[in-house]
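The structure appears right after this line, and notes come after that.
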Amino acid sequence: MASSRKVIRKSIRKLRNSLTDEQQSAAEKSLTINFFQHVKPAKNARIGVYLENDGELRTNLLIQSLWSEGVDLYLPVIHPFSGVTLLFQKYEKNSPMKQNRYAILEPELNCSQICPLAQLNYLLLPLVAFDDSGNRLGMGGGYYDRTLARYYRENWQQPRLIGLAHECQKVSALPTEAWDVPLPTIITPQHCYQW
Ligand SMILES: Nc1ncnc2c1ncn2[C@@H]1O[C@H](COP(=O)(O)OP(=O)(O)O)[C@@H](O)[C@H]1O
Ligand SMILES: [Mg+2]
């Protein structure tokens, strides 16, 4: 089981990393259009986003569009004490940024700008692979699973989880583990899947 998860991660990461700059750019545009067709965030909504890494669907255009709609955006920051969960910190055009241990940019920690998970209206998640049932396979760190464990167990109403992915990241069935948090919605440049 664990080894097949590894094999799937490797092959899908290779697929998405082989997309050309033009394909990535076209995907980002279609994703942004598709996103606003399916999600109508309120003006003062709080949305958790991510900055792409490793061939993930790019989010810059979506971020710029959400800012211009007046939405407040938050980025994941690796928890400074636990080291294995995520905090969500306000992200503005001029936020000071630093690279985390994966060389992904995150806002420099400022406790006054952290939003508790339950106060986010939406959380947009990256993923490596998804399947016909909305199961999610990540990069293997389990950060989102750990951060969302209580949310999932207690069936919180928000944030609404929305995975963002390329169509090439879809497989028919993923091997899952008890701790994996599935996604009720996944938006690709072409489709919006709901479960
Ligand atoms: N809720 C949780 N509590 C404790 N450990 C967890 C939890 N969720 C995930 N993990 C740990 O994180 C590791 C990676 O999780 P996995 O689901 O394989 O990664 P990903 O979701 O990034 O693909 C697991 O081996 C597991 O030990
Ligand atoms: Mg998982």
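Scanning the stretch 159-180 for residues that are away from ligand 1 (no atom under 12 Å from the Cβ) and within 16 Å of Leu86 (Cα to Cα) yields Pro159, Leu161.
Of the listed requirements (1) closer than 23 Å to His191 by Cβ; (2) of a type outside the set (S, T, N, Q); (3) open to solvent by less than 20 Å² (accessible area, probe 1.4 Å), Val77 misses just one: (1). Which residues, counting only those in the stretch 93-126, are open to solvent by 40 Å² or more (accessible area, probe 1.4 Å) and either among the basic types (Lys, Arg) or in a strand (DSSP E or B) (or both)? Answer for the stretch 93-126, where residues must be open to solvent by 40 Å² or more (accessible area, probe 1.4 Å) and either among the basic types (Lys, Arg) or in a strand (DSSP E or B) (or both): Lys93, Met97, Lys98, Gln99, Arg101, Leu105, Ile114. Restricting attention to the stretch 133-176 and to residues that are among the β-branched types (Val, Ile, Thr) and either more than 20 Å from Asn53 (Cβ to Cβ) or within 14 Å of ligand 2 (Cβ to nearest atom) (or both), the residue that is surrounded by the most Cβ atoms within 10 Å (Cβ to Cβ) turns out to be Thr147.
Going through (1) under 25 Å from His166 (Cβ atoms); (2) among the small types (Gly, Ala, Ser); (3) within 16 Å of ligand 1 (Cβ to nearest atom) one by one, Ala103 falls short only on (3). Screening Ser112 on (1) closer than 16 Å to Glu56 by Cα; (2) more than 10 Å from ligand 1 (Cβ to nearest atom); (3) not acidic (Asp, Glu) shows it passes everything except condition (1).
The values are calculated or read from the model by the stated rules, or taken from the named source; none is laboratory data. Predicted model only: the values in this text are computed from it and were never measured. Cβ coordinates were reconstructed from backbone atoms using ideal geometry, including for glycine residues, and neighbour counts include every protein chain displayed. When the accessible area is computed, the model is the full protein with side chains, heavy atoms only, and any ligands, DNA or RNA have been set aside. Shrake-Rupley method; radii C 1.70, N 1.55, O 1.52, S 1.80 Å.
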